[in-house]
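Computed from the coordinates by the stated procedures, all read-outs in this text should not be read as laboratory data. Remember, it's a predicted structure, so these values are computed and weren't measured experimentally. Cβ: placed from backbone, ideal geometry, glycine included. Neighbour counts: every protein chain shown.
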Amino acid sequence: MTVELKPCGTRSANVRHLRHDEKPCEACRQANLANFAEARSAYSRARSRARQTLRDEHRPEFDELIEAEYRRRKPGEKSNILHQRAMEILSKRHPDRFAVLLAAERAREAATPTPTPKES
Ligand SMILES: [Zn+2]
């Protein structure tokens with residue numbers, strides 16, 4: 001039985017370099033970076049959907065948090081920062097529910113193949 005080796009420029013090849021104590025070549029280094037960036041954006045998509053669901057489930061509470069953030073808004077602070085802060089507080093107030101939502105969204109991300117631009 002032969003094991004087929006993935007060519008350079010793939011995540012597997014990058015791992016192979018490291019396992020062999022080699023410095024990954026440029027193609028492998030780039031592939032690894034792209035992979036890392038994709039994983040990070042998959043995580044942030046999942047987190048943002050989980051936060052939206054949590055916000056919908058606790059709308060009055062979220063509205064109160066937002067109002068409070070606006071009251072102590074510092075000069076020049078953008079409104080999306082205030083929203084982000086209110087979301088963070090909300091998810092810390094409901095950590096168990098948030099964890100469930102986040103896990104479900106991450107599973108969904110993992111099950112979804114990397115989106116390819118082919119919309120018409
Ligand atoms: Zn390589």
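In bins 5 Å wide, starting from 0, what share of all Cα pairs of the range 1-42 does each bin hold, as a percent? Answer for the range 1-42: a P(r) of 6, 27, 25, 21, 13, 6, 2, 0 percent. The separation of the range 17-74 from the range 84-114, counted between C-alpha centres, amounts to 10 Å. Between the helical axis of 26-57 and the longest alpha-carbon principal axis of the chain there is an angle of about 30 degrees.
Between ASN80 and ALA39, the simple label model (points 7 Å from Cα in the Cβ direction) yields a spacing of 2.6 nm. Diffusion coefficient of the chain by Stokes-Einstein, Kirkwood radius over Cα pairs, 25 °C, 0.890 mPa s: 139 µm²/s. Compared with the alpha-carbon gap, the fully stretched path from ALA107 to GLU67 is longer by 11.1 nm at 0.36 nm per residue. Spatially close Lys pairs in the chain, defined by Cα atoms under 27 Å apart and a spacing of eight or more places or different chains, total 4.
So for ASP21, ASP63, ASP56, fewest C-beta neighbours within 10 Å to most, what's the order?
ASP21, ASP56, ASP63
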